[in-house]
Amino acid sequence: MYRIGIDLGGTNIKAGVVKNGKILAKSSIKTGKNRPYGAVIKDMAEQARSLAEAAGIAPEEVESVGVGCPGAVTGKTGTVAYANNLGWRDVPLGPVLSSLMGVPVKVSNDANVAALGEALYGAGKDYRDMIMLTLGTGVGGGIIIDKRLVEGNESKGGELGHVVIRTGGRLCTCGRRGCLEAYASASALISETVKIRRKTPDSALWKIAKSVGEVNGETAFAAEKLGDTAAKKVVDEYVYYLAEGLMNFCNIFRPQAIVLGGGVSAEGRNLTDRLVALMKAGNYGYAGTPAVEVLTATLGNDAGILGAASL
């Protein structure tokens, strides 16, 4: 049974032919800015057909297509209600792509799709209940219960990056204050690194990032490893707030594991071990209840393709 998974992003469209959890062929094309949605969906259909050919299968052997899309998606209808970085509103992505491909098409939020991929084939494959957070420009989330994706009413749930962890705190891109995304995204980490770098001209942060433009999600962690106290302050605060968010998810969902993806997750055990220590110290998240493992995602960009194909 061949399925095609498509990870639609504001910059690139990544897609692959999948059979039994294995990607047989994959490709990436440019999305293109400010284009009519019909042109983008047509490109997706052509990309899918080319991939089928590359995998050595006939188009009619493709059973279904799944798409992970940024923004708010209505799963039942396959409609993209709103996707800011695509400039889309009320776009019938699923129906249009289905008509072009002649097969069923399912659409879900991209973070949900990545979570499903990791749950079935990646870091979460040995767990039935799992939460995934992607620590990138924002904080995406996905909830897996009994190996199934939980999306909420009209598929508009699972926005884990927008739980408030500090009332009246930093302004979030969603318009609220104090969201986890405003403290635990790579963007938040970069912003705090830039601030403290400016205040500490003798810091190792200047050696690692000689200009503001060179500061990224790794900068503070790298400087901390050199013994820099200013960088340690940034990292400690970042990990503290992320742990607060994770404890909330432990108390609400009590998953077997939380999987971290996105650029910041590349810190691996240097990040996850510190999070677990803080979560244990938080006590209620652990006392008298099963411990929740904190793991690093393993599939990278393939998570979106595999998860989409599995929809």
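The values are calculated or read from the model by the stated rules, or taken from the named source; none is laboratory data. The structure displayed is predicted, hence computed values, not measured ones. In this analysis, Cβ positions are derived from the backbone assuming ideal geometry, glycine residues included, and neighbour counts consider all displayed protein chains.
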Query - Complete set of residues in region 57-78 that are at negative phi and surrounded by fewer than 21 Cβ atoms within 10 Å (Cβ to Cβ) - result: Ile57, Ala58, Pro59, Glu60, Glu61, Glu63, Ser64, Ala72, Thr74, Gly75, Lys76, Thr77
Requested in this report: Answer yes or no as to whether Val107 is surrounded by 19 or more Cβ atoms within 10 Å (Cβ to Cβ) and under 30 Å from Gly268 (Cα atoms).
Outcome: no
Report task. Would you mention how many residues in region 42-95 are charged (D, E, K, R) and in a loop (DSSP other than H, G, I, E, B)? Result -> 1
Requested in this report: Keeping to region 267-295, report how many residues are surrounded by fewer than 17 Cβ atoms within 10 Å (Cβ to Cβ) and either modelled with pLDDT of 95 or more or β-branched (Val, Ile, Thr) (or both).
Outcome: 5
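If you go through region 131-141 one residue at a time, do you hit one that is aliphatic (A, V, I, L, M), assigned to a loop (DSSP other than H, G, I, E, B) and either in contact with a helix residue (DSSP H, G or I) (Cβ under 8 Å, 6 or more places away or on another chain) or within 24 Å of Arg176 (Cβ to Cβ) (or both)?
Looking only at region 131-141, we keep the residues that are aliphatic (A, V, I, L, M), and these are 131-133, 135, 139.
Now narrow it down to the ones that are assigned to a loop (DSSP other than H, G, I, E, B): none.
No, there is no match, as no residue in region 131-141 is aliphatic (A, V, I, L, M), assigned to a loop (DSSP other than H, G, I, E, B) and either in contact with a helix residue (DSSP H, G or I) (Cβ under 8 Å, 6 or more places away or on another chain) or within 24 Å of Arg176 (Cβ to Cβ) (or both).
Which residues, taken from region 19-41, are within 21 Å of Ile57 (Cβ to Cβ) and of a type outside the set (A, V, I, L, M, F, W, C)? Full working, then the answer.
If we filter region 19-41 for residues that are within 21 Å of Ile57 (Cβ to Cβ), which is where we start, we get 19-29.
Passing the criteria: Lys19, Asn20, Gly21, Lys22, Lys26, Ser27, Ser28.
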Query raised in the report: Restricting attention to region 183-203, does a residue exist that is outside any helix (DSSP H, G or I), in contact with a strand residue (DSSP E or B) (Cβ under 9 Å, 6 or more places away or on another chain) and within 18 Å of Arg166 (Cα to Cα)?
Result: yes
**Report entry** Long-range neighbours under 7 Å by Cβ, at least six apart or interchain, first residue without any contact (Cβ under 8 Å) to a residue 24 or more places away in the chain within region 167-191, second aromatic (Phe, Trp, Tyr)
**Finding:** Arg170/Tyr183
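For region 4-44, give me the residue count where each residue is among the β-branched types (Val, Ile, Thr), farther than 13 Å from Leu86 by Cβ and in contact with a Lys or Arg (Cβ under 8 Å, 6 or more places away or on another chain). Write out each step before concluding.
If we filter region 4-44 for residues that are among the β-branched types (Val, Ile, Thr), which is where we start, we get 4, 6, 11, 13, 17-18, 23, 29, 31, 40-41.
Still in the list and also farther than 13 Å from Leu86 by Cβ: 4, 6, 17-18, 23, 29.
Narrowing further to those that are in contact with a Lys or Arg (Cβ under 8 Å, 6 or more places away or on another chain): 6, 17-18.
Result for region 4-44: 3.
Every residue, every condition in (1) at pLDDT 95 or above; (2) in the same structural domain as Glu244 (by TED's automatic domain parsing); (3) basic (Lys, Arg); (4) on the phi < 0 side of the Ramachandran plot, yes or no:
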| site | (1), (2), (3), (4) |
| --- | --- |
| Leu93 | yes, no, no, yes |
| Leu97 | yes, no, no, yes |
| Asn109 | no, no, no, yes |
| Gly124 | yes, yes, no, yes |
| Gly140 | no, yes, no, yes |
| Glu154 | no, yes, no, no |
| Gly158 | no, yes, no, no |
| Thr167 | yes, yes, no, yes |
Requested in this report: Have a look at Val215, Val194 and point out the one that is modelled with pLDDT of 95 or more, surrounded by 15 or more Cβ atoms within 10 Å (Cβ to Cβ), over 23 Å from the mean Cα position of the chain (by Cα) and within 16 Å of Thr137 (Cα to Cα).
Outcome: Val194
